[in-house]
Structure formats: structure tokens, C-alpha cells
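One structure is given below, encoded as C-alpha cells.
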Amino acid sequence: MNQRIIGALAVVSLGVAAQALELKPRVAICAAASASVTAVQFTDPQAKLNSTNLFSAVDIINAGSTTPSLAQLSEYDAVMVWSNVNFQNSTTLGDNLADYVDAGGGVVMTVFAVSTTSANRFLLGRWSPGYEIIPRNGGNLSTGGAQGLGNILVPGHPILDGVNTFTTGTSAFRPVSTALQSGCTLI
């Protein structure tokens, strides 16, 4: 094979690889989870998300020590938010996340950021109440051992596309109440 053909194939191959990488979303874990981003509270969910091979990047933003701007959040297709400790600024973070959603970004809120009863561990600003799905400050529980996916109430909904099973560990924290804000749908 001549050098031109080999070179052209290499360029096409690199282009396909780069295009495939670009198709995978970039996501951020934006959490107030621990003082250090090397703590297991950050690295365990990051490793689990990376192991799916569905993302081009899974970055960590320590929202306990910094508050990301809209420009920083806009670098990602989706942001996963939770709090084990206080957010640095729950009001500004709430405003920035609301602006991020308005600009087309996706936010996944997890249990402590929506159910904690501790001030500064749930989002304020424009996020609350306009963007909440589960009313904040309702408390959480972890009794009953491992939990599963539960009943699928809207079969075929795209949010569960490819999800066949889900099982938690033995410390399955979840909101006490499953009541949803008006206009939301339980899937």
C-alpha cells in the first residue's frame, strides 16, 4: 500500500476516533462531598461513571470549597450534584445551576442535595423552588438494606433507556418523601 493511502487511512481513523470521543458527553460531579477531591466520596462515583465507558470525561468540582460559574458548568453536558457537607455558596450555586439548565444543560440531583435537613446543604437561589423535583428539606433514610430499581411507572420512557437493573449497596440513602413538585412526573 502506498504512503498516501496509508496516510489517508490514518487521518480517517483519527477523525473517526475523535468524532466518537466527541459523541460521548462530558459530565461533572459538582458536589460538596469532602474537603479533598481525592476522597472516596468523590472518586468512587467518578470511577463508577467512568467504568460505564459512556462519557468522554467525568470531572470533579468540589462545591464545598468553590462555586462554579455558569461558564465552568457550560463546559459539561450534564452535572451531578449532591452534598455531604455544606456548599460553599448554596445560593450562587443554585442561581448558576438554574442558568445552566435554562441554557440547555442537564442536572442530576441526588439524595442529600434534595432531602437534607441541614442548612447550606440544599440549593437555594433560583434553583429553589422553581427547578426542584423533590421538595427540599424533607429528610432522608437508609433503612431496609440494599434497594433496587423499583416499579417502572412509565414504561419506555427515554430516561430509562438501556437501564434494566439497579441495585444499591447496603447504605441506600433516599428521601423520606417521594412526593414531587407540581408538574413533575414519577418515572
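The values are calculated or read from the model by the stated rules, or taken from the named source; none is laboratory data. Model, not experiment: these values are computed from the prediction. Here the Cβ positions follow ideal geometry from the backbone for every residue, glycine too, while neighbour counts run over all protein chains shown. Areas reflect the complete protein model, heavy atoms only, side chains present, ligands, DNA and RNA absent. Shrake-Rupley method; radii C 1.70, N 1.55, O 1.52, S 1.80 Å.
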Q: Please work out which residue is farthest from the chain's Cα centre (by Cα), limiting yourself to segment 33-68 and to residues that are open to solvent by 70 Å² or more (accessible area, probe 1.4 Å) and not hydroxyl-bearing (Ser, Thr, Tyr).
A: ALA35
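Matching residues to (1) within 13 Å of the chain's Cα centre (by Cα); (2) open to solvent by 50 Å² or more (accessible area, probe 1.4 Å); (3) without any contact (Cβ under 8 Å) to a residue 12 or more places away in the chain:
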{"site": "TYR76", "(1), (2), (3)": "yes, no, no"}
{"site": "ASN84", "(1), (2), (3)": "no, yes, no"}
{"site": "ASP99", "(1), (2), (3)": "no, yes, no"}
{"site": "GLY105", "(1), (2), (3)": "yes, no, no"}
{"site": "VAL111", "(1), (2), (3)": "yes, no, no"}
{"site": "LEU123", "(1), (2), (3)": "no, no, no"}
{"site": "TRP127", "(1), (2), (3)": "no, no, no"}
(Q) Condition check: closer than 28 Å to GLY162 by Cα, free of Cβ contacts under 8 Å to residues at least 12 places away in the same chain and open to solvent by 40 Å² or more (accessible area, probe 1.4 Å). Does ALA71 satisfy that? (A) no
Q: Within segment 27-73, track down each residue that is touching a Phe, Trp or Tyr at 6+ places or on another chain (Cβ under 9 Å) and among the acidic types (Asp, Glu).
A: ASP59
Q) Of all the residues that make up segment 122-143, how many are over 28 Å from ALA98 (Cα atoms) and either touching a Phe, Trp or Tyr at 6+ places or on another chain (Cβ under 9 Å) or at pLDDT 70 or above (or both)? A) 1
